[in-house]
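Below you'll find the structure, written out as structure tokens, and then a few comments.
The values are calculated or read from the model by the stated rules, or taken from the named source; none is laboratory data. This is a predicted model, so every value here is computed, not measured. Neighbour counts are summed over all protein chains in view; Cβ atoms, including those assigned to glycine, are modelled from backbone coordinates with ideal geometry. In case anyone asks, the SASA skips ligands and DNA or RNA and just uses the protein heavy atoms, side chains included. Shrake-Rupley method; radii C 1.70, N 1.55, O 1.52, S 1.80 Å.
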Amino acid sequence: MTTSQQPTGDGRPPLPRGWRRRLARLPITVYRMGLGPVFGGRLLLLNHTGRISGLPRRVTLEVVEHDPVGGTWTLASGFGPEAAWYRNLRAAPKTTVQVGNRRYAVTAHFLSAQEGGEIMARYASARPRTARRLCAFMGLDVSDGSGDAYRRAGRRIPFVRLQASCGQNVR
């Protein structure tokens, strides 16, 4: 492993670099081309502001849970609390997202470890194969596949719930 490929101290994978970073950022280009609907509701484009630079930033993230009635999207920071988008939202929680071709003003709410555990258990129940791979990628042991294993893993993952501003029709 090269230095940039070694896991972080908490077992999480390192941030992608080189061609892996370009590949990870490809969905942003898809959104810019106006093709966001190809992702359905599975990915969203999060706009955020650099906490140090003040410059606009973008990242595509998987939607872990979506509540159209409550107007929320829940996201997980697989790279932990040090991920730039997560830290930027901590500094400036009011921002916008794009889901498909629709844009929403949102406010980020940071969830407790207990809430994260319950979210991960629900996610694993709905998408068992993806949840297993995601946990393996993050170095989290869920080998027995139980709800309790996913709850333990989820307590180690920072989760954020994005709440749409009042008056927005969320689909």
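Check whether at least one residue in the range 40-53 is touching a Ser or Thr at 6+ places or on another chain (Cβ under 6 Å), open to solvent by less than 40 Å² (accessible area, probe 1.4 Å), over 19 Å from Arg87 (Cβ atoms) and not in a helix (DSSP H, G or I), and report yes or no. Yes, the range 40-53 has at least one match. Taking each residue of the range 129-149 that is touching a residue at least 24 places away in the same chain (Cβ under 8 Å) and looking for partners that are part of a helix (DSSP H, G or I) with beta-carbon atoms closer than 7 Å, six or more apart or interchain, yields Leu140/Ala153; Gly147/Ala121.
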